[in-house]
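Sharing a structure here in structure tokens format.
What follows is calculated from the coordinates using simple rules that are stated; it is not laboratory data. These numbers were taken from a predicted model, which means no experiment stands behind them. Note that each Cβ is placed from the backbone with ideal geometry, even for glycine, and that neighbours are counted across all protein chains shown.
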Amino acid sequence: MPRKPPRSQVVAEAIARHLKRFESDTDGVNALVQWTEGLRFRPFADPEACASGGRVLVTYDQRRSSTLTLVEAEGYLAWLDAGNVGKHHEWKQQRDAPPTR
């Protein structure tokens, strides 16, 4: 009987699928962004997510990566599954924002 993969791996793979979809949207979320001194970049450049123990390592481009707890990664994945687009810090900002009236 095959072993069930760790929950962190399942979550990481699901996040990675969303990130790859964002990467392919070069006219939308992954359009070139103008930066300082004429440099341009894409917000999602070879993104990935992978399990590391009970955590999920998320990389959006070659310059930045973040480690999320499994609870954070599951929250981020739920946000992505709900149709939202963005990086985990955008999910956190939305999650932590005071309720509007």
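About the Cα centre, and with charges only on the beta carbon of Lys, Arg (+1) and Asp, Glu (-1), how big is the dipole of the chain? Nearest 20 debye, please. Let's see the in-between values first.
Details: 15 positive and 13 negative charges, 62 e Å.
The dipole magnitude comes to about 300 debye.
Could you pull out every one of the aspartates and glutamates with an alpha carbon less than 20 Å from that of K87, ignoring same-chain neighbours closer than 8 positions?
E13, E23, D25, D27, D46, E48, D61, E72, E74, D96
Taking the simple approach of a point 7 Å from Cα along Cα-to-Cβ for both V33 and A97, what is their distance in nm?
About 1.7 nm, to one decimal.
Can I ask one more? Might you report the magnitude of the Cβ-based charge dipole of the range 47-101 about its Cα centre, with Lys and Arg at +1 and Asp and Glu at -1, to the nearest 20 debye?
200 debye
Please identify the trypsin sites (Lys or Arg not before Pro) of the range 1-79 that satisfy two criteria: DSSP loop assignment and at most 16 other Cβ atoms within 10 Å. Which are they?
R3, R63, R64
Hey, what number do you get for the chain at 222 nm if only DSSP H runs of n ≥ 4 count, each worth -39500 (n - 2.57), divided across all residues, to the nearest 500?
Taking each H run of at least 4 residues, the total per residue is -12000 deg cm²/dmol.
Let me ask another. Using a 10 angstrom cutoff on alpha carbons, build the Gaussian network for the chain and name the most mobile of L32, L68, L19.
L32
Right, here's the next one. Normalised by the residues of the chain, what does the relative contact order come to in percent, with Cα pairs under 8 Å and at least six apart?
Computed value for the chain: 23 percent relative contact order.
Related question: Compute the distance in nm between two label points, each set 7 Å from the Cα along the Cα-to-Cβ direction, one at Q9 and one at D81.
1.9 nm
Taking square-rooted eigenvalues a ≥ b ≥ c of the alpha carbon gyration tensor, is the chain rounded, prolate or oblate, where a/c under 1.5 means rounded and, failing that, a/b exceeding b/c means prolate? Don't skip to the end; give the middle numbers.
Numbers: a/c = 2.01, a/b = 1.37, b/c = 1.47.
Oblate shape, in that a/c is at least 1.5 and b/c is the bigger or equal ratio.
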